[in-house]
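Novice: Here you go, one structure.
The values are calculated or read from the model by the stated rules, or taken from the named source; none is laboratory data. Fair warning: this is a prediction, and the values are worked out from it, not measured in the lab. Positions of Cβ are backbone-derived with ideal geometry, glycine not excepted, and every protein chain shown enters the neighbour counts.
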Amino acid sequence: MLRFVVAVMALFPVLALATTFKISTLYPDGTSVVRALKKAGATIEERTEGRVALKIYPGGVMGDDRAVQRKIRIGQLHGQMAQGGAFADAYPDGQILNVPLTFNDYGEVDAVREELDPVILKGLEDNGWISFGLVDGGFAYIMSTQPVVSLADLQARKLWLPASDSASAKAAKTLGLSPIVLNIGSVLTSLQTGAIDSFAAPPVAALTLQWYARVKYITDLPLLYTYGLLAIDKRYFDRLSEGDQKIMREVLGNTFTQLDQEGREQNREAFKAVQQQGLETVTPSDEQRTEWKSAADKATQSLVSDGELSSGMLDRLHRLLDDYRAR
């Protein structure tokens, strides 16, 4: 009997150290992101000899960003894979890549990301979130049931806006829009019923979530750049040994480098794919583009005034773009 008790006690420290990180994401099961996360989890579990594992909850089954972060605070979940704006409450400057109508092409995006990606990751970590790299989400374009080439056209539309996105809500107000705020899971049904008739999203998202089938037009104007990331609450990550933390950073860092590269190519192809599915491309005139840009700059300045973005980070973005364009 004594030997049995001793054997059980000898095993207990190993069992006590076992950690399963429960990760929520809106990405549907079967997508490249979810497959990559599951594969990374299996690798981490193998390399840590079972001490650390990932359990992925795909397809938004744990709720929207606000619900997920509430569950993270109480320990029901430990992290989430989401768009960068989901973490704006912790680190507002993490939204710097999402400033509307800032980038003209992917060359400009890459030049800025080379310097600002590490800044964003450090800012998140300093404010309680451990992340492992950004994943290219592509440019968001307006897709609609009626042509949208001017700001006035968009103001007349029933535009979807994601819930829990305060920065987008303030920008929409500045632009004179009256958006319909919904959770992402309600978008397809709302398009079907006519509750909304337009949205701004990367084409790959419109394809994956079948939204493209409910609209007729795509506006050839890269409204804003988007990115995703996996973030784990630092309180839980810090409970791991230094060695296991290193393994997680290495495995997930490599995973997200690959996802970022794949995401870029997928997003390039997705724009062509929605056109092939029958969406008609409409192109604003130079005068209309100037109007869009002026309104976007006004919306960005309102974000700075409201504390949603720091003037220092915005200035840094503009300096990087000016340097790249000068070259």
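Novice: Thr208 is checked against (1) at pLDDT 90 or above; (2) within 17 Å of the chain's Cα centre (by Cα); (3) not charged (D, E, K, R) and fails just one. What number does that condition carry?
Specialist: In the conditions (1) at pLDDT 90 or above; (2) within 17 Å of the chain's Cα centre (by Cα); (3) not charged (D, E, K, R), Thr208 misses (1) alone.
Novice: Which of the following residues is part of a strand (DSSP E or B) and at negative phi: Gly137, Gly94?
Specialist: Gly137
Novice: Looking only at helices (runs of 4 or more DSSP H) that lie completely in the range 215-327, which have at least 1 residues being closer than 30 Å to Leu154 by Cβ and not basic (Lys, Arg)?
Specialist: So the answer is 242-276, 286-305, 311-326.
Novice: So Val181 passes all but one of these: (1) assigned to a helix (DSSP H, G or I); (2) touching a helix residue (DSSP H, G or I) at 6+ places or on another chain (Cβ under 9 Å); (3) surrounded by fewer than 20 Cβ atoms within 10 Å (Cβ to Cβ); (4) of a type outside the set (S, T, N, Q). Which condition number does it fail?
Specialist: That leaves (1) as the condition not met.
Novice: Provide a single number: the residues in the range 240-272 that are of a type in the set (Lys, Arg) and at pLDDT 95 or above.
Specialist: So the count comes out to 2.
Novice: Within the range 152-160, is there a residue that is within 20 Å of Gln301 (Cβ to Cβ) and in contact with a Leu (Cβ under 9 Å, 6 or more places away or on another chain)?
Specialist: Residues of the range 152-160 that are within 20 Å of Gln301 (Cβ to Cβ), as a first pass: 154-155.
Those still in the list that are in contact with a Leu (Cβ under 9 Å, 6 or more places away or on another chain) too: 154-155.
Yes: the range 152-160 contains one or more residues that are within 20 Å of Gln301 (Cβ to Cβ) and in contact with a Leu (Cβ under 9 Å, 6 or more places away or on another chain).
Novice: Let me ask you something else. Within the range 284-304, track down each residue that is touching a strand residue (DSSP E or B) at 6+ places or on another chain (Cβ under 9 Å) and of a type in the set (A, V, I, L, M).
Specialist: Correct list: Ala296 only.
Novice: Also, I was wondering about something else. Of everything in the range 113-134, what is under 19 Å from Glu308 (Cβ atoms) and part of a helix (DSSP H, G or I)? Give them in sequence order.
Specialist: Residues satisfying the conditions are Leu116, Val119, Ile120, Gly123, Leu124, Asp126.
Novice: Hey, does the range 60-79 have a residue that's in contact with a Lys or Arg (Cβ under 6 Å, 6 or more places away or on another chain) and among the basic types (Lys, Arg)?
Specialist: no
Novice: What are the pairs with Cβ atoms under 7 angstrom where one residue, in the range 240-257, is in contact (Cβ under 8 Å) with a residue 60 or more places away in the chain and the other, located anywhere, is part of a helix (DSSP H, G or I) and of a type in the set (Ser, Thr, Tyr)? Sequence gap at least six, or different chains.
Specialist: Val251/Thr43
Novice: Are there any pairs with C-beta distances below 9 angstrom linking a residue in the range 98-126 that is within 22 Å of Ser168 (Cβ to Cβ) to a residue that is loosely packed, with under 14 Cβ neighbours inside 10 Å and of a type outside the set (Asp, Glu), with the two at least 6 apart or on different chains, and if so which?
Specialist: Pairs found: Thr102/His318; Asn104/Arg325; Glu108/Arg325.
Novice: Another one. Determine if the range 151-160 includes at least one residue that is part of a strand (DSSP E or B) and among the hydrophobic types (A, V, I, L, M, F, W, C).
Specialist: As a first pass, look at the range 151-160 and keep what is part of a strand (DSSP E or B): 159-160.
From what's left, among the hydrophobic types (A, V, I, L, M, F, W, C): 159-160.
Yes, the conditions are met somewhere in the range 151-160.
Novice: If you don't mind, there's one more thing I want to ask. Using the structure shown, decide if Ala82 is at pLDDT below 95 and crowded, with 20+ Cβ neighbours inside 10 Å.
Specialist: It is true that Ala82 is at pLDDT below 95 and crowded, with 20+ Cβ neighbours inside 10 Å.
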